[in-house]
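Structure first, then comments.
The values are calculated or read from the model by the stated rules, or taken from the named source; none is laboratory data. These numbers come from a predicted model, not from an experiment. Here the Cβ is made from the backbone with ideal geometry for all residues, glycine too, and neighbour counts use every protein chain on show. Side chains included, ligands, DNA and RNA excluded: accessible areas come from the protein's heavy atoms. Shrake-Rupley method; radii C 1.70, N 1.55, O 1.52, S 1.80 Å.
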Amino acid sequence: MKVARHDKIIELIQQYDIDTQEELVLKLNAEGFRVTQATVSRDIRALNLTKVTGKEGKAHYAVLSDKAGKNADRFTRVLVDGILTMDVGQNILVVKTAIGMAMGVATAMDELKWPEILGCIAGDDTIMCVTKTMEQALNVKEKLQRIIRQ
């Protein structure tokens, strides 16, 4: 049942711009899956779903790319262990890491395949992450903060 529910969640968030757990509960219930908000919350965590900003600036759930999804736990560990601070300057997110971890953290950020990230350049303990706009840089910072706080 859990695998079928996870498949349906992925299908639903690819079909609709679902922005809350409550909305996802309603869609799942309409599809015949009797779930609670707590179940959906666990499913979101298990599927490593993330929120992305849509065309109208509204955030909604999205699936990490298949490659990133398979390695999401490893990438999450690298981000949690490596990121010390973050700051935004215009369309650039500057990430300070533990010494020697910038390359690994930048690779993890690139592998997440977030559409906001144009690319990352890493030194020894600093990453320059470029986005198109300041809003996107702030969004990336916020999503990274959610990951490293978990």
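See the values below:
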read-out: Pair list, Cβ < 6 Å and 6+ apart or interchain, from region 13-34 residues that are free of Cβ contacts under 8 Å to residues at least 24 places away in the same chain and aliphatic (A, V, I, L, M) to residues that are open to solvent by 60 Å² or more (accessible area, probe 1.4 Å) and part of a helix (DSSP H, G or I); value: Val25/Gln37
read-out: Every residue from region 80-106 that is touching a residue at least 24 places away in the same chain (Cβ under 8 Å) and polar (S, T, N, Q); value: Gln90, Asn91, Thr97
read-out: Arg5 vs. criteria modelled with pLDDT of 90 or more and out of contact with any strand residue (DSSP E or B) (no Cβ under 6 Å at 6 or more places or on another chain); value: yes
read-out: In region 98-140, residue nearest to the chain's Cα centre (by Cα) [restricted to those that are open to solvent by less than 20 Å² (accessible area, probe 1.4 Å), of a type outside the set (A, V, I, L, M) and modelled with pLDDT under 95]; value: Trp114
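Each row is one residue, and each column tells you yes or no for (1) in a helix (DSSP H, G or I); (2) more than 19 Å from Arg149 (Cβ to Cβ).
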site: Val78; (1), (2): yes, no
site: Asp81; (1), (2): yes, no
site: Leu84; (1), (2): no, no
site: Gly104; (1), (2): yes, yes
site: Ile121; (1), (2): no, yes
site: Ile127; (1), (2): no, no
